């Protein structure tokens, strides 16, 4: 009976001792990502694309405004059927403008998602490599999972992940 109690106690105590020797790390993925050359290039490319869509939208809106102002100036002197046709044309133009704005927004969102996939994959691979090299059990990302407390025993691995990626 005493042997069973000692054996059970050993079964519970040994894992606790092993856990006490486990190493934990934390890092800030946002701090790393914003300095990755791939991220910086992706942001610049997305900004260029956004500016192209914005310019096209502004050109279309200016054209709409010009035609609307011409219609308002001539509305009283136009025959009813021509005025109605121009109103329909303006309404169609306005709908196309709104549709373009929505399509541009969706295209930008899609481009951003596609640009981030390889960047996030590269970051994940670097985090995995650092975790294995450091022999940690977990690496907590303080950017995505706010932690209420980070003890002195937790190793800040942000700089090592940057180094793994070749970032100073």
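The values are calculated or read from the model by the stated rules, or taken from the named source; none is laboratory data. If you're wondering where the values come from, they're calculated on a predicted model, not measured in any experiment. Cβ placement follows ideal geometry from the backbone for every residue including glycine, while neighbour counts extend to all protein chains displayed.
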Can residue 74 be described as assigned to a helix (DSSP H, G or I), at pLDDT 95 or above and either over 30 Å from residue 142 (Cα atoms) or in contact with a strand residue (DSSP E or B) (Cβ under 7 Å, 6 or more places away or on another chain) (or both)?
no
Take the range 129-162 and flag every residue that is loosely packed, with under 11 Cβ neighbours inside 10 Å and in a helix (DSSP H, G or I).
132
How many residues of the range 77-128 are farther than 30 Å from residue 157 by Cβ and part of a helix (DSSP H, G or I)? The answer is 33
